[in-house]
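A quick write-up on the structure given underneath.
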Amino acid sequence: MIDSSIYFKYYVSEFEKTYISLIEKELDIFFSKCLKSVKTYSVIIASKPLVHNKEMFQQMVLSPETIKNFSENIILKINEQFKNNMNGICVNYECMNSFDFNKFGNFLENTIKNFTTTQIVTKVSEKIMDFTISCMFDALFSDIVINNLCEKIISGKKILHNNNLQNQIKRHQGLIYKQIEGFLINTKVNLRNQLIKVFITSINSIENMEELVSIA
């Protein structure tokens, strides 16, 4: 076992590098799984914006409980890895600052409201156009076959083209994905910084204790 007084003099940076490498590896694995869920979630919400809510987001993508369990597991791994290398270090989850868990799912609210309004307006516009076109062809042609053919060629969907409902949903799906991805990246960075801070604080507390012992 490495003597703790020697550890602080010669091994701090090496242990810090090992810890940071461990935490970043675990974070990459954890958040890559979250991103896979984001793809499915963004597709569902883009096509049906009104089904979005905080509970659904936390169930499918990320929740406070999941974050806490993940953090506790990392801390357990850290304590296990370092218990045979230095005396007295024990990283405690309670030392971490609490996340603002109210943001989990709420950050999408304004985006979802805007998308919902846009999709409703677009859908109504397409229906009005289709009805108007149908009435126009009914007045021009008495043959049902010709009417149906003309309505397939000219429709609200085709007139709106890039701005039709189908394309709106595709764009909204991409934007929702990007917004959630940004939230996950920000959460990942904050979690990384908090875990590192807790670890360094634990090391410093032992270092201070060693200094007091040496003075005594």
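The values are calculated or read from the model by the stated rules, or taken from the named source; none is laboratory data. Not measured: the values here are computed from a predicted model. Methodologically, a virtual Cβ is constructed for each residue, glycine included, from the backbone with ideal geometry; neighbour enumeration extends over all protein chains shown.
When restricted to residues that are among the hydrophobic types (A, V, I, L, M, F, W, C), in contact (Cβ under 8 Å) with a residue 24 or more places away in the chain and over 17 Å from residue 192 (Cβ atoms), segment 23-79 contains 8.
Matching residues to (1) farther than 30 Å from residue 172 by Cβ; (2) small (Gly, Ala, Ser); (3) modelled with pLDDT of 75 or more:
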{"position": "79", "(1), (2), (3)": "yes, no, yes"}
{"position": "88", "(1), (2), (3)": "yes, yes, no"}
{"position": "98", "(1), (2), (3)": "yes, yes, no"}
{"position": "106", "(1), (2), (3)": "no, no, yes"}
{"position": "109", "(1), (2), (3)": "no, no, yes"}
{"position": "114", "(1), (2), (3)": "no, no, yes"}
{"position": "120", "(1), (2), (3)": "no, no, yes"}
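If only residues of segment 153-177 that are of a type in the set (Val, Ile, Thr) and farther than 14 Å from residue 129 by Cβ are counted, the one that is surrounded by the most Cβ atoms within 10 Å (Cβ to Cβ) is 176.
One line per residue, one yes/no per condition, for (1) farther than 29 Å from residue 32 by Cα; (2) assigned to a helix (DSSP H, G or I); (3) modelled with pLDDT of 95 or more:
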| residue | (1), (2), (3) |
| --- | --- |
| 124 | yes, yes, yes |
| 130 | yes, yes, no |
| 136 | yes, yes, no |
| 142 | yes, no, no |
| 146 | yes, yes, no |
| 157 | yes, yes, no |
| 169 | no, yes, yes |
| 175 | no, yes, yes |
| 186 | no, yes, no |
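Answer yes or no as to whether residue 180 is modelled with pLDDT of 80 or more and buried (at least 18 other Cβ atoms within 10 Å of the Cβ). Considered against the rule, which asks whether it is modelled with pLDDT of 80 or more and buried (at least 18 other Cβ atoms within 10 Å of the Cβ), residue 180 comes out as yes. Entry remark, segment 11-22: residues being of a type in the set (Asp, Glu) and in contact (Cβ under 8 Å) with a residue 24 or more places away in the chain number 1 in total.
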